[in-house]
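The values are calculated or read from the model by the stated rules, or taken from the named source; none is laboratory data. In this text, all values refer to a predicted model and were calculated from it rather than measured experimentally. Heads up, the Cβs are rebuilt from the backbone with ideal geometry, glycines too, and the neighbour counts pull from every protein chain shown. Side chains included, ligands, DNA and RNA excluded: accessible areas come from the protein's heavy atoms. Shrake-Rupley method; radii C 1.70, N 1.55, O 1.52, S 1.80 Å.
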Amino acid sequence: MEKFIPTPANPWSYAKAAHLLRRAMIGPKEAEIRRAVQEGLEKTVERLFTPFVPNMDLIEEWIEKEPLTRPFAPDGDEYWRWFWLVTGRRTGLAQWWMRTMIQSPVSLQERMVMFWTGHFVTSFDFVQQAETMYTLHKLFRDNAWSNFKRLTYEVTIDPAMLIYLGGQDNFKSETDEAINENYARELLELFAVGRVNTRGEANYTQADVRNAARALTGWIVPKSPTQGGAYAALRSEFVPYRHDNSVKTFLGERGAWNAADVIDTIFKKRERETATFICTKLYRTFVSLGTASAQARAFIDELANIFIAAKWEVKPVLEQLFTSAHFFSEENTGCLPKSGADYLLGLMRVLEVQNVPDFEATPAKETVAYRWNLNDLPMRMEAMGQRLFFPPDVAGWQGGRTWVSPSALVPRLKFARNIALGTTRMRDWDYKTAYIHTFDPIAFAKTVSPRSAAAPNGSNTAQELVRALAQLLLCETADESEMTLLLHALMEGAPAYEWDINNAELRPQERIRALLAAMFALPKFQLY
Amino acid sequence: MKRRDFLTLLASTGIAMPSLAAAAPQTRMYAHAASPENPLSGSFSGTLTHSSSDNVLVILRLFGGNDGLNSFVPYNDDEYYYARRKTATQDLSIPAEAVLKIKNSTTMGFHPALKPLHTLYGEGKVCVVQNVGYPEQDLSHFRSNDIWLSGSNADEYKESGWLGRFLEERYPDYPRILPDDPFAVEVGRNLGRTFMGEHTHLGVNIADTSFVPSKPHQSLQKLTASGVEQEYIRQMMMQTSTFLRSATRAESLAKGNRVEYPDEDWARSMAFVARMIGGGMKTQVYLVNMPLWDFHLDQLRDQNYFLTRLANAMFAFQRDIEAFGAAKRVTMLTVSEFGRRVTPTLSGTDHGAGSCLFVVGERVQGGIIGRDPDCSRLDANENLRWTYDFRQIYASMLGQWFGAREADMTTALMQRRYTQLPIFRNHQLRMVGVANDEENSLQSASILAQDGITAVFPQPASDVLTLEYRLTDSLAQHSAVLSLVDMQGRRVLPPQALSFSPTLLNVRSLPSGHYLALLETPHKRYSAPVQIFR
């Protein structure tokens, strides 16, 4: 794989560092990009593989504990108390993760947690309890870039997954009535090997699906006797008498297979297909949506080779990817449409937005319904096409151009405009009268463009400010027509030499807001 | 397509041309198009309401695979009850007493949750097409969904959708020139491949009309990957801005719905569509997504709930559209990527094949098309066999509802031709299909090994008779003719050449009585009894 080697003609630059950080994390800030420029590629990639421990205060009260006891009565005060607490915790988990993505230091961790969440899909639509969901989330967090094969096995027997794809109800019986193909099919089709190989040939048959389902029998999520039938346990159990230990043929191999054997067989008999399938997905996530070109396919092939040689360790694959010449080529820069998380959280992170009710720990005096009602940011992100822990279906978020369909663009443009102008209000809550999601435009401008802050006035400083903000916020250099548009937004038609950020009479705050609003409405802001 | 054809088609759809003011940069194009010799040059500004072709199709996509057997239930079929009760710890059948009976069938009836649909059926507004599927049914949701939306064969991979290709051919200048109203709208946040053309997406999705973004800035165009994406997004922003403005206008003109809808997502989406139609939006196709029909567990409970939501939403919509005075030009069609397996898995069912679908509207020929599902002769995966290819439904929609000629459908239907079904009232059917899609007849043929007429239904028939047959010898196939004779041996319908099974015969002109269907090849003659009753 050809490495990226800086040359005088193609140096390690602000644009290159920004490209790397935008792809590997969400919403990199000015100071982080500058540090990456200084430290160089290798040191920055090393930094990306640093795990970090998030602030747990929003959820620490209930995680890694047995889920709430569900009352037997389907109605009444006790039931509704339980209901609001459960829904509140589900919302709280999403809010906590959103805040974690914003508070993340320079690290690949959250990007990979998102990758696995969109890959090994589960949803609160079936998995009721936030406690159960957190267990799987933690698994992704702890295995962000470790071994894919081991992770696949862990996910296969994870309680949330056993609930979501019916694995817990897949068991042996005399009449075969309880062989549920659901998980086996998605394991093959979506999680590991894919339906067809690169030549379009089927990777498995319907008989393979059925036999894999047989082999996967026996795993359950124990129900708690005190919980009105809710699946409660945070650990699954293997129950031998529910397991079909007959001899089955799977991908051409005969044996009395169990779950571990199924995973082994897939990774052995469909090694190349699986490696290619996952590396293609990584390519789409980190490099480009164009996976069909000869160049892309050759690159994916090389990634797959590394993946196989590394015995399914993910880190070596990504290390190679992030330091390759292909990753930094112009063809692969600024071409990915932003996901809901990239858009909403990226914007909040880079502007260091304050006053976010979703991120405040629940005050003790509030009712149990508080956090459920305070579901502002998750719903905003849903409108942008991405509701955390509620993917559209088992294939996860489709990504790519679906992120920028008209119905996703409307709330995006609205959100960004409101943030820029400082006109966001809380939906349907006591905060109605107060503005939320605030930031200080002057301080932000001065951080991004210190020169503009230092020099008292002059046309250079206005242009310099626009250029610096565009460099940070847009997916590539603003062209001449965009510069004119942006400068006009900043100056309200006045000549650029009149600009002075420190002169309050010129309303610099309002004008920087107008500039940002114009910038956020450009197609170049919708990409990264 | 020639410019002139394009204009004729455009006019015939009743879709408003872009107003000149809104498309100022392209005015020259129009001046050119509206040349003096063009008879349509005077008709740009307004809405060309054409009697038959401002028709609207609303597609309800039941993603997840709806169980047709438990939607339109064969309540007299012991095999059905045997299979659905055979192994399940729970009985997954719909009890015969609970099934909602209909007047022209003693074997099929509606799931009790479909009561509103049953009411519409009684009014002659529901057409049930049974056993819809396609060759080599794929059991993956995603793949099968792609096949349904693209209209491809099971082994073809197509990014575009059947309606996308159809609209693209009709409107080759889109999106360079935007009409006032979108051609196709997908309600909600999803924007799938149904309206995707070969080159551009012909649809927009609309979820929220509370904010209309301003028109995007036109940057310098670059041919890099980033440049291409930027231009794509700019176009999307342009469409968003333009079409949200028209949706907002339709909202204000409609002044709310005329009837009340249930307070849930699907009904809200249908209510939105009704307001768009009632508010004068010229959009011809709407797609409403109703996901999560994948009931591997607790199917009885969940499907009951989902069918209730579906039927209530459809019913409210139908009444609303009637109150808006638009019922004559609106039809609903349900689609789902497959049915469910006949034998259950515990309290649910796995992915199946053939299933039924519903077409609802005032102009629909109410009744049942197709014979009853056969739970005793299943395919290799133990799923129901299909008799109608889903693309026959598409062909019927394009031909009968949008007035497309065979030639206008070839791109939409991927260069294949499909026999249309008698879905709409007063429609002249082309009775004879074409042979270039032999797969179509394969499956029904393989049920019975012997040559001859393999099925005739419904019996007795009153309007259209469906005949399925098998002829192994392709020469015989091409020279075969089909006719109907009365008991005195007189031909009552002229012999028809055929090469495609099933074939449809219009028997509306015949008096009640017993007849014989005759299938004649140069060497042999096959017959089957036919009953006509009116």
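Some observations on this one:
- Taking the stretch A:136-232 as the region of interest, the helices (runs of 4 or more DSSP H) fully inside it that hold 3 or more residues being within 23 Å of A:PHE115 (Cα to Cα) are A:148-156, A:159-164, A:182-186.
- Only a single criterion out of (1) under 17 Å from the mean Cα position of the chain (by Cα); (2) open to solvent by 20 Å² or more (accessible area, probe 1.4 Å) is not satisfied by B:VAL132, namely (2).
- The stretch B:394-418, residues that are open to solvent by 10 Å² or more (accessible area, probe 1.4 Å), more than 11 Å from B:GLY151 (Cβ to Cβ) and of a type in the set (Ser, Thr, Tyr): B:THR410
- Matching option when the condition is within 29 Å of B:ASP298 (Cα to Cα), away from chain B (no Cβ under 14 Å) and among the small types (Gly, Ala, Ser), among A:ALA144, A:ALA73: A:ALA73
- Meets criteria (modelled with pLDDT of 95 or more, in the same structural domain as A:LEU68 (by TED's automatic domain parsing), over 19 Å from A:THR198 (Cα atoms) and aliphatic (A, V, I, L, M)) for A:ALA259: yes
- Criterion applied to A:ALA256, A:ALA260, A:ALA233 was being over 30 Å from A:GLN398 (Cα atoms), within 30 Å of the chain's Cα centre (by Cα) and away from chain B (no Cβ under 14 Å), and the one residue passing it is A:ALA233.
- Some residue of the stretch B:125-137 being within 14 Å of another protein chain (Cβ to nearest Cβ), in a loop (DSSP other than H, G, I, E, B) and under 21 Å from B:LEU333 (Cβ atoms): yes
- Some residue of the stretch B:243-258 being in contact with a helix residue (DSSP H, G or I) (Cβ under 9 Å, 6 or more places away or on another chain), part of a helix (DSSP H, G or I) and within 8 Å of another protein chain (Cβ to nearest Cβ): yes
- Filter result (more than 28 Å from B:GLN392 (Cβ to Cβ) and in contact with a helix residue (DSSP H, G or I) (Cβ under 8 Å, 6 or more places away or on another chain)) within the stretch B:153-187: B:ASP173, B:PRO175, B:ARG176, B:ILE177, B:LEU178, B:ASP180, B:ASP181
- A:ALA292 vs. criteria farther than 22 Å from A:GLU201 by Cα and aliphatic (A, V, I, L, M): no
- Selection of the stretch B:344-392 for residues being within 14 Å of chain A (Cβ to nearest Cβ), outside any strand (DSSP E or B), open to solvent by less than 30 Å² (accessible area, probe 1.4 Å) and out of contact with any helix residue (DSSP H, G or I) (no Cβ under 7 Å at 6 or more places or on another chain) yields B:ASP350, B:GLY352, B:ALA353, B:ASN383.
- Total residues in the stretch A:477-500, condition within 14 Å of chain B (Cβ to nearest Cβ) and open to solvent by less than 40 Å² (accessible area, probe 1.4 Å): 7
- Helices (runs of 4 or more DSSP H) fully within the stretch A:350-438 that include at least 3 residues being modelled with pLDDT of 90 or more and open to solvent by 20 Å² or more (accessible area, probe 1.4 Å): A:376-383, A:406-421.
- Set side by side, the residues A:ASP142, A:ASP125 differ, and just one is surrounded by fewer than 21 Cβ atoms within 10 Å (Cβ to Cβ) and touching a Phe, Trp or Tyr at 6+ places or on another chain (Cβ under 9 Å), which is A:ASP125.
- All positions within the stretch A:236-253 that are within 19 Å of A:ALA178 (Cα to Cα), among the small types (Gly, Ala, Ser) and either modelled with pLDDT of 95 or more or more than 36 Å from the chain's Cα centre (by Cα) (or both): A:SER246
- Of residues in the stretch B:89-118 being within 14 Å of another protein chain (Cβ to nearest Cβ) and surrounded by fewer than 22 Cβ atoms within 10 Å (Cβ to Cβ), the one nearest to B:ILE369 (Cα to Cα): B:ASP91
- Test for A:GLN509: is it touching a Pro at 6+ places or on another chain (Cβ under 6 Å), in a helix (DSSP H, G or I) and modelled with pLDDT of 85 or more: yes
- Residue in the stretch A:501-523 that is open to solvent by less than 20 Å² (accessible area, probe 1.4 Å), within 10 Å of another protein chain (Cβ to nearest Cβ) and of a type in the set (Lys, Arg) present: no
- Looking across the stretch B:138-162, the residues that are in contact (Cβ under 8 Å) with a residue 24 or more places away in the chain and either aliphatic (A, V, I, L, M) or not in a loop (DSSP other than H, G, I, E, B) (or both) come down to B:LEU139, B:HIS141, B:SER144, B:ASN145, B:ASP146, B:ILE147, B:TRP148, B:LEU149, B:SER150, B:TRP162.
- Yes/no for A:ARG150 being open to solvent by 20 Å² or more (accessible area, probe 1.4 Å) and of a type in the set (Lys, Arg): yes
- Condition broken by B:ARG165, with the remaining ones in (1) assigned to a helix (DSSP H, G or I); (2) surrounded by 21 or more Cβ atoms within 10 Å (Cβ to Cβ); (3) charged (D, E, K, R); (4) facing chain A (nearest Cβ under 9 Å) satisfied: (4)
- All positions within the stretch B:269-313 that are open to solvent by less than 20 Å² (accessible area, probe 1.4 Å), modelled with pLDDT under 95 and either in contact with a His (Cβ under 7 Å, 6 or more places away or on another chain) or not in a loop (DSSP other than H, G, I, E, B) (or both): B:GLN299
- Within the stretch A:62-71, not a single residue is β-branched (Val, Ile, Thr) and at pLDDT 95 or above.
- Residue in the stretch A:173-189 that is nearest to the other protein chains (Cβ to nearest Cβ), counting only those that are among the acidic types (Asp, Glu) and under 18 Å from A:ARG242 (Cβ atoms): A:GLU177
- Screening the candidates A:MET1, A:MET25 for the property of being under 24 Å from A:VAL317 (Cα atoms), touching a Lys or Arg at 6+ places or on another chain (Cβ under 9 Å) and of a type in the set (A, V, I, L, M, F, W, C) yields one hit, A:MET25.
- Of all the criteria given as (1) under 20 Å from the mean Cα position of the chain (by Cα); (2) open to solvent by 10 Å² or more (accessible area, probe 1.4 Å); (3) of a type in the set (Gly, Ala, Ser), the one not satisfied by B:GLY122 is (1).
- Complete set of residues in the stretch B:191-223 that are over 29 Å from A:LEU486 (Cβ atoms) and at the interface with chain A (Cβ under 7 Å from one of its Cβ atoms): B:LEU191, B:ASN205, B:ILE206, B:ALA207
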